[in-house]
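Chemist: Here you go, one structure.
The values are calculated or read from the model by the stated rules, or taken from the named source; none is laboratory data. None of these values were measured; they are calculated from a predicted model. Counting neighbours? That spans all protein chains shown, and the Cβs are built from the backbone with ideal geometry, glycine included.
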Amino acid sequence: MAYVASTPKEPFRLSMLVYDTRYRSYTIQIVVLLLFLAFLAWLLNNTVENLAAKDKDINFSFLFQRAGYDIDQQLIPYTNDSTHGRALFVGLLNTLIVAFFGCILATLIGVFAGVLRLSHNWVVSRLMTVYVETFRNVPLLLWIILAFVVFSETAPAPRDFRVTEEMAAAGEEPAASKILFDSVAFTNRGASIPRPYLDHSLGSFSVLDVPINLSVVAALALIAVGVWINRRLVVHARSVQEATGVRPTIWWKSLLILFGPIIVFLYALGFHLEYPELRGFNFQGGINVAHSFTALLIALSLYTGAFIAEAVRAGILAISKGQTEAAYALGLRPGRTMRLVVLPQALRVIVPPLISQYLNLTKNTTLGMAISYLDLKGTLGGITLNQTGRELESMLLMMAIYLVLSLIISSGMNVYNTAMKLKER
Amino acid sequence: MKKSVFLGTLAASALLAGFASAGTLDDVKARGELICGVNVGLTGFGAPDASGNYQGFDVAICKAVAAAVLGDPAKVKYVPTTGETRFTALSSGEVDMLARNSTWTFSRDNDLKLDFVAVNYYDGQGFMVHKDLGVSSAKELDGATICIQTGTTTELNLADFFKANNISYTPVTVADDSEAQRQYLAGACDSFTTDASGLAAVRATMPDAENHVILPEIISKEPLGPAVRHGDNNWGDVVRWSFYALVAAEEKGITQANIEEVAASTQDPEVKRMLGLEGDLGAMMGLDKDWAKRAIAASGNYGEIFAATIGESTSIGLARGLNALYTQGGLQYAPPFR
C-alpha cells in the first residue's frame, strides 16, 4: 500500500481553478455569486440614482402623519385624524380577518367536497366534480366580482325597508323586510346583524390605543376553563371505561360545564341584542357587514376550497384500501372508518399542499381592491401611497408585511405537519 | 425567497424610476409624438368617442401642445390613467404631460415633484344624489353611504367636510368614475361625490339624468390643470404657453375659423407677436414662429373648446362661471405675450 501514499503532491497552480475538477465547482459558484451580487448592486444603485435625479428620498416618516381619509370597516378605532401608520394596521387587520375566516371556511368546504367527491353515490360525486372544476378553472377575480355584483344588484336598497305614514295608513307592506325573526337586514350595501350588548359591562382598558373589553376577556376565559374541565372529565370517563368496561354517562355534565357558567355570566351582566333599525339613509345600530367583505370571503373560500378538495381527495386515495377493509372487518361503519382510520392518515399527505393553499388565500385577499375592500393593499398600498406619493416605501413595506405574514403561517403549519407526520421508530 | 422578492422590488422600482432625461421637449421632437396622460373616461373632459379617438376639454390641450411642438395635433399618443396611476405615470416618464382633471395642491407641487403649469378649469367638489331621496343640501347627508374615487383630493375634502359639520358617513372607495357610476346607479351608495364638473359629465351619460340632482354645496377649491414633471422648466413653459395662447386667442377674438384672416390683417402688436408675425417668441422656448397659430388652429381658442366639449350646448351643460375670461367676470387670464 505504500505506493498510494507516495503519490507526488502537486503544487497548487492557478490554472487548476479551471482544469481541476476538485476546484472547478468552487470557481463556478464564486463567479456566479459575484455576478449576482454585482447585479444586485447595479439595481440598488440604479434605484438610488433615479430617486436622487427626481429629488426624492426614501423616508418612512409619512407613517406618523395625519391620514385624512376614512375607512369603512375598522376593527380598531380609527378616524381621519389618525396616522397613516394606524390606517396601515386597520388595513392589516381587515386582511387578517378575511384570511382567518377564509382559511377556516375553505378547509371545511375543501374537506367536505374532497370526501364527497369519492362518494359511491353517482350524483353526489359528480356534483362535487362540477364544483371543483368550475371553481378551479375560472380566475378568482371574476368570482370575487361576481359574488359582489350578485349581492349588490339583487338585494333591496335600504329605502325599500321604509314604512311611510301613508303606507302605514293604507296598510301596505314595505317592498322589503328584515329576515330571521326581523333581526337581520340584508340590503344592497351589506348585512346588518344584531350587536350583543351588556347592561353592566366590566369596563375596558386600552393597550396602544386598542381598547380591550374586559367582559369579552372574562367570557373567553370562562369558555377556556370550561373546555379544560370538560377535557379532564372525558379523560376520567375513559379511564373508568378502560378499568371497568362501563362508560359513565357524562353528556349532561359536559353540557353544564361548557355552557352553564357562560350563560350565568351573560345573564348576570344583562346580555341583550341591539337590533339594526332604519334611520336616515342606512340601518343604524347592530353590526354592519359590508358586501365587499362577504363577497371576498365567499369567493376566496369557494375558490381555495376547490383546490383543498383536490388535496384531500389525493390524500384519501393515497391510503391503501387495505386500511378501509381492515376497519370494515372490525365492524366500523363507513363514516367512522373515514373519520377514525382514513382521514388521520391522509392528513400526512394533505397538510403540505394545504400550507400553500393557506398562503395563496392570504395573498389573494389583495384582490379585494376590485370590490373596494380596504385591506392592507387598499390602505397602505392604495390610498396612503396615493396621497403621500411614497410609492417605493409603501410597496417595500407592504411586501415585507406579506412576507412576514406568509412566513408565520407556513412556520405554524410546519409545526402542525411535524406533529402529524409518521413517527418512524 | 427573500432574495427573489427583494430583487423583484428593486427591479420594479428601477423600471418605475425610468430614465427621465433632462429635455422632454427634445425627446418629444425626436420621437415625433407627444405622449399625453388622460382620463380613462370622463365624458366631455377626456374619453374615447365612438370610433375610439380621444376627445374632450383636457384632450384639446394635448392637441394644442402637439400642434405647437410637432406641427400636427394628431401626433399624440393617449395613455389612459386612473386617479391612482396618473402621477406615477408622469413622474416615471411614461407620459410627457398629464391633462387629466387633476387638482393643483401644495403637496402635489412640492412633495410629488410635479409642476402644474396652469389652471384650465376652476372647479369645486360637489355631491350628486337621487332626486327621490329628497335631499336638498349636503349637510342633510348624515349617515349616508358615499361613493368616492380613491387617490383624489376629493377623498380628503369629504372627510374634512363631514368632520367640520359634525355628521357621519360611510365611504365606498372606488377606483374610477365608471365604477363609481355603476355603484351609485345600483344604489350601493346614496351619493356620489367628485368635482362638480365631473358630476355633470357623469350625469350626462346616465340614462335617467333628470332623476339625479347635484347639490348646491361646493365644498372645496379644485383648480384643475395640466401637469408636467418638476425640474424641466423649458417643457413646462411650452405646455403653459400653449395653453395661454388659447386663452389669449379667446380674449383677442381669434378663432379656429378666422385665424388665417387675423394673421393676414391684424394690426394688434400683441397678436402679431403671438402669431409670430413680429418678434421671435417661439424661438425663446425652442419652437418655431408659428407655434401659437398651430396651437389655436388645432381645436380653436379656449372658449371654442369649452363650448364644443363641456359647454351649455352639450349634454354636459356646464356654464362658464369661474372659467369665463377675466373681462367677463371669470378667472381665466393669460399673462401678456411680450
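Chemist: Tally the residues that are within 14 Å of chain A (Cβ to nearest Cβ) and within 16 Å of B:Val28 (Cα to Cα), restricting the search to the range B:56-82. So that I can check it myself, show each step before the final result.
Modeler: Looking only at the range B:56-82, we keep the residues that are within 14 Å of chain A (Cβ to nearest Cβ), and these are B:81-82.
Cutting the leftovers down to within 16 Å of B:Val28 (Cα to Cα) gives us none.
Number satisfying all stated conditions: 0.
Chemist: Can you find, within the range B:301-319, the residue that is surrounded by the most Cβ atoms within 10 Å (Cβ to Cβ) among those that are of a type outside the set (A, V, I, L, M, F, W, C) and part of a helix (DSSP H, G or I)?
Modeler: If we filter the range B:301-319 for residues that are of a type outside the set (A, V, I, L, M, F, W, C), which is where we start, we get B:301-304, B:309, B:311-315, B:317.
Filter once more, keeping what is part of a helix (DSSP H, G or I): B:302-304, B:309.
Values: B:Tyr302: 26, B:Gly303: 22, B:Glu304: 20, B:Thr309: 22.
My answer is B:Tyr302.
Chemist: Which of the residues that make up the range A:197-238 are in a strand (DSSP E or B) and under 24 Å from the mean Cα position of the chain (by Cα)? Show your work before the answer.
Modeler: Applying the first criterion (in a strand (DSSP E or B)) to the range A:197-238 yields A:197-198, A:204-207, A:210-213.
Residues satisfying the conditions are A:Val210, A:Pro211, A:Ile212, A:Asn213.
Chemist: Return the residues of the range A:199-217 that are out of contact with any helix residue (DSSP H, G or I) (no Cβ under 7 Å at 6 or more places or on another chain) and either aliphatic (A, V, I, L, M) or modelled with pLDDT of 90 or more (or both); say none if nothing qualifies.
Modeler: Answer for the range A:199-217, where residues must be out of contact with any helix residue (DSSP H, G or I) (no Cβ under 7 Å at 6 or more places or on another chain) and either aliphatic (A, V, I, L, M) or modelled with pLDDT of 90 or more (or both): A:Val207, A:Leu208, A:Val210, A:Ile212, A:Leu214, A:Val216, A:Val217.
Chemist: Then there's this: Return the only residue of A:Gln65, A:Gln73 being within 26 Å of B:Asp109 (Cα to Cα) and either away from every other protein chain (no Cβ under 14 Å) or touching a residue at least 40 places away in the same chain (Cβ under 8 Å) (or both).
Modeler: Working: A:Gln73 fails: within 26 Å of B:Asp109 (Cα to Cα).
After applying the criteria, what remains is A:Gln65.
Chemist: While we're on this one: Testing A:Phe148 on (1) more than 14 Å from every other protein chain (Cβ to nearest Cβ); (2) over 15 Å from A:Arg279 (Cα atoms), one condition comes back false. Which one is that?
Modeler: Checking A:Phe148 against (1) more than 14 Å from every other protein chain (Cβ to nearest Cβ); (2) over 15 Å from A:Arg279 (Cα atoms), the one that fails is (1).
Chemist: I've got another one for you. State all residues of the range B:131-151 that are out of contact with any Cys (no Cβ under 7 Å at 6 or more places or on another chain) and facing chain A (nearest Cβ under 8 Å); if no residue qualifies, say none.
Modeler: Result: B:Asp132, B:Leu133, B:Leu141, B:Asp142, B:Gly143, B:Ala144, B:Thr150, B:Gly151.
Chemist: Does A:Ile104 satisfy the condition of being among the aliphatic types (A, V, I, L, M), out of contact with any Lys or Arg (no Cβ under 7 Å at 6 or more places or on another chain), modelled with pLDDT of 85 or more and outside any helix (DSSP H, G or I)? Please lay out each step first, then the result.
Modeler: Working: among the aliphatic types (A, V, I, L, M): yes; out of contact with any Lys or Arg (no Cβ under 7 Å at 6 or more places or on another chain): yes; modelled with pLDDT of 85 or more: yes; outside any helix (DSSP H, G or I): no.
Criteria not met by A:Ile104.
Chemist: Are there any pairs, at least 6 apart or on different chains, whose C-beta atoms fall under 7 Å, with the first in the range A:358-386 and at positive phi and the second β-branched (Val, Ile, Thr) and not in a helix (DSSP H, G or I), and if so, which?
Modeler: Going by the 7 Å Cβ cut-off, the qualifying pairs are A:Ser372/B:Val172; A:Ser372/B:Thr173; A:Ser372/B:Val174.
Chemist: Let me ask something additional. Hey, could you check the range B:164-180 for residues that are touching an Asp or Glu at 6+ places or on another chain (Cβ under 8 Å) and not polar (S, T, N, Q) and say which is surrounded by the fewest Cβ atoms within 10 Å (Cβ to Cβ)? Reasoning before the result, please.
Modeler: Taking the range B:164-180 first, the residues touching an Asp or Glu at 6+ places or on another chain (Cβ under 8 Å) are B:167-173, B:175.
Going one step further and asking which of them are not polar (S, T, N, Q), we end up with B:167, B:169, B:171-172, B:175.
Working: B:Ile167: 16, B:Tyr169: 24, B:Pro171: 23, B:Val172: 26, B:Ala175: 19.
Selected residue: B:Ile167.
Chemist: Something else about it: In the list A:Leu127, A:Leu116, A:Leu141, which residue meets the criterion of being under 21 Å from the mean Cα position of the chain (by Cα) and modelled with pLDDT of 85 or more? Let's see the steps before the verdict.
Modeler: Numbers: A:Leu127 fails: under 21 Å from the mean Cα position of the chain (by Cα); A:Leu116 fails: under 21 Å from the mean Cα position of the chain (by Cα).
Going through A:Leu127, A:Leu116, A:Leu141 in turn, just one is under 21 Å from the mean Cα position of the chain (by Cα) and modelled with pLDDT of 85 or more: A:Leu141.
Chemist: Still on this structure, I have one more. Can you tell me which residue within the range B:83-98, out of those that are more than 10 Å from chain A (Cβ to nearest Cβ) and assigned to a loop (DSSP other than H, G, I, E, B), is nearest to B:Ile61 (Cα to Cα)? Reasoning before the result, please.
Modeler: From the range B:83-98, those more than 10 Å from chain A (Cβ to nearest Cβ) are B:89-90, B:94-98; that's our starting set.
The next check asks that each one be assigned to a loop (DSSP other than H, G, I, E, B); those that pass are B:94-96.
Details: B:Glu94: 18, B:Val95: 14, B:Asp96: 13 Å.
By that ranking, first place goes to B:Asp96.
Chemist: State yes or no: is A:Ser372 surrounded by fewer than 19 Cβ atoms within 10 Å (Cβ to Cβ), at pLDDT below 90 and within 14 Å of chain B (Cβ to nearest Cβ)? Show your work before the answer.
Modeler: Numbers: surrounded by fewer than 19 Cβ atoms within 10 Å (Cβ to Cβ): no; at pLDDT below 90: yes; within 14 Å of chain B (Cβ to nearest Cβ): yes.
Spelling it out, it is not the case that A:Ser372 is surrounded by fewer than 19 Cβ atoms within 10 Å (Cβ to Cβ), at pLDDT below 90 and within 14 Å of chain B (Cβ to nearest Cβ).
Chemist: Keeping to the range B:27-70, report how many residues are part of a strand (DSSP E or B) and either under 21 Å from B:Leu281 (Cα atoms) or in contact (Cβ under 8 Å) with a residue 40 or more places away in the chain (or both). Before the answer, list the steps.
Modeler: We begin by selecting, within the range B:27-70, every residue part of a strand (DSSP E or B); these are B:34-39, B:42, B:46-48, B:54-55.
Filter again for either under 21 Å from B:Leu281 (Cα atoms) or in contact (Cβ under 8 Å) with a residue 40 or more places away in the chain (or both), leaving B:34-39, B:42, B:46, B:55.
The total comes to 9.
Chemist: Would you mention how many residues in the range B:182-213 are farther than 26 Å from B:Asn323 by Cβ and of a type in the set (Asp, Glu)?
Modeler: Of the residues in that region, 2 qualify.
Chemist: If you check A:Ile109, A:Ile97, A:Ile28, A:Ile71, which single one turns out to be among the β-branched types (Val, Ile, Thr) and loosely packed, with under 14 Cβ neighbours inside 10 Å?
Modeler: Among A:Ile109, A:Ile97, A:Ile28, A:Ile71, only A:Ile28 is among the β-branched types (Val, Ile, Thr) and loosely packed, with under 14 Cβ neighbours inside 10 Å.
Chemist: Still on this model: Taking A:Asn213, is it touching a strand residue (DSSP E or B) at 6+ places or on another chain (Cβ under 6 Å) and on the phi < 0 side of the Ramachandran plot?
Modeler: So A:Asn213 fits the description; yes.
Chemist: Criterion first (part of a loop (DSSP other than H, G, I, E, B), over 27 Å from the mean Cα position of the chain (by Cα) and away from every other protein chain (no Cβ under 14 Å)) does A:Arg13 satisfy it? It would help to see each step written out before you state the result.
Modeler: Values: part of a loop (DSSP other than H, G, I, E, B): yes; over 27 Å from the mean Cα position of the chain (by Cα): yes; away from every other protein chain (no Cβ under 14 Å): yes.
Spelling it out, A:Arg13 is indeed part of a loop (DSSP other than H, G, I, E, B), over 27 Å from the mean Cα position of the chain (by Cα) and away from every other protein chain (no Cβ under 14 Å).
Chemist: A further question follows. Looking at the range A:5-31, which of its residues are modelled with pLDDT of 80 or more and of a type in the set (Gly, Ala, Ser)?
Modeler: Of everything in the range A:5-31, those that are modelled with pLDDT of 80 or more and of a type in the set (Gly, Ala, Ser) turn out to be A:Ser15, A:Ser25.
Chemist: Return the residue satisfying two criteria in turn: it lies in the range B:154-177 and is β-branched (Val, Ile, Thr) and more than 9 Å from chain A (Cβ to nearest Cβ), and of such residues it is farthest from A:Ala370 (Cα to Cα).
Modeler: We begin by selecting, within the range B:154-177, every residue β-branched (Val, Ile, Thr); these are B:154, B:167, B:170, B:172-174.
Filter once more, keeping what is more than 9 Å from chain A (Cβ to nearest Cβ): B:154, B:167.
Working: B:Thr154: 20, B:Ile167: 28 Å.
Step by step, filter the range B:154-177, then rank; the result is B:Ile167.
Chemist: Pairs under 6 Å by beta carbon, first residue part of a strand (DSSP E or B) in the range B:113-129, partner aromatic (Phe, Trp, Tyr), six or more apart or different chains?
Modeler: Close Cβ pairs satisfying both conditions: B:Phe116/B:Trp104; B:Met128/B:Phe192.
Chemist: Only one of these is closer than 16 Å to A:Val264 by Cα, in contact (Cβ under 8 Å) with a residue 40 or more places away in the chain and loosely packed, with under 12 Cβ neighbours inside 10 Å: A:Asp209, A:Asp199, A:Asp182. Name it. Give the steps one after another, and end with the answer.
Modeler: Working: A:Asp209 fails: closer than 16 Å to A:Val264 by Cα; A:Asp182 fails: closer than 16 Å to A:Val264 by Cα.
Residue meeting the stated conditions: A:Asp199.
Chemist: Return yes or no: is A:Asp72 closer than 20 Å to A:Gly382 by Cβ, assigned to a loop (DSSP other than H, G, I, E, B) and of a type outside the set (Lys, Arg)? Lay out the reasoning, then the answer.
Modeler: Numbers: closer than 20 Å to A:Gly382 by Cβ: yes; assigned to a loop (DSSP other than H, G, I, E, B): yes; of a type outside the set (Lys, Arg): yes.
Yes.
Chemist: Among the candidates B:Leu34, B:Leu42, single out the residue that is buried (at least 20 other Cβ atoms within 10 Å of the Cβ) and modelled with pLDDT under 90.
Modeler: Values: B:Leu34 fails: modelled with pLDDT under 90.
Going through B:Leu34, B:Leu42 in turn, just one is buried (at least 20 other Cβ atoms within 10 Å of the Cβ) and modelled with pLDDT under 90: B:Leu42.
Chemist: B:Thr194 versus (1) in a helix (DSSP H, G or I); (2) surrounded by 23 or more Cβ atoms within 10 Å (Cβ to Cβ): which is the lone unmet condition?
Modeler: It is condition (1) that B:Thr194 fails.
Chemist: All but one of (1) crowded, with 18+ Cβ neighbours inside 10 Å; (2) within 14 Å of another protein chain (Cβ to nearest Cβ) hold for B:Gly23, so report the exception by its number.
Modeler: All conditions are met except number (1).
Chemist: Still on this structure, please answer the following. Go through the range A:151-163 residue by residue and tally those that are surrounded by 11 or more Cβ atoms within 10 Å (Cβ to Cβ) and either farther than 17 Å from B:Thr170 by Cβ or in contact with a Pro (Cβ under 7 Å, 6 or more places away or on another chain) (or both). It would help to see each step written out before you state the result.
Modeler: First, pick out the residues of the range A:151-163 that are surrounded by 11 or more Cβ atoms within 10 Å (Cβ to Cβ): A:151-153, A:155-163.
Restricting the remaining residues to those that are either farther than 17 Å from B:Thr170 by Cβ or in contact with a Pro (Cβ under 7 Å, 6 or more places away or on another chain) (or both) gives A:153, A:156, A:160-163.
Residues meeting the conditions: 6.
Chemist: Could I ask something else about it? Could you check the range A:15-60 and list, in sequence order, the residues that are hydroxyl-bearing (Ser, Thr, Tyr) and within 21 Å of A:Met398 (Cα to Cα)?
Modeler: Residues of the range A:15-60 hydroxyl-bearing (Ser, Thr, Tyr): A:15, A:19, A:21, A:23, A:25-27, A:47.
The one that is hydroxyl-bearing (Ser, Thr, Tyr) and within 21 Å of A:Met398 (Cα to Cα): A:Thr47.
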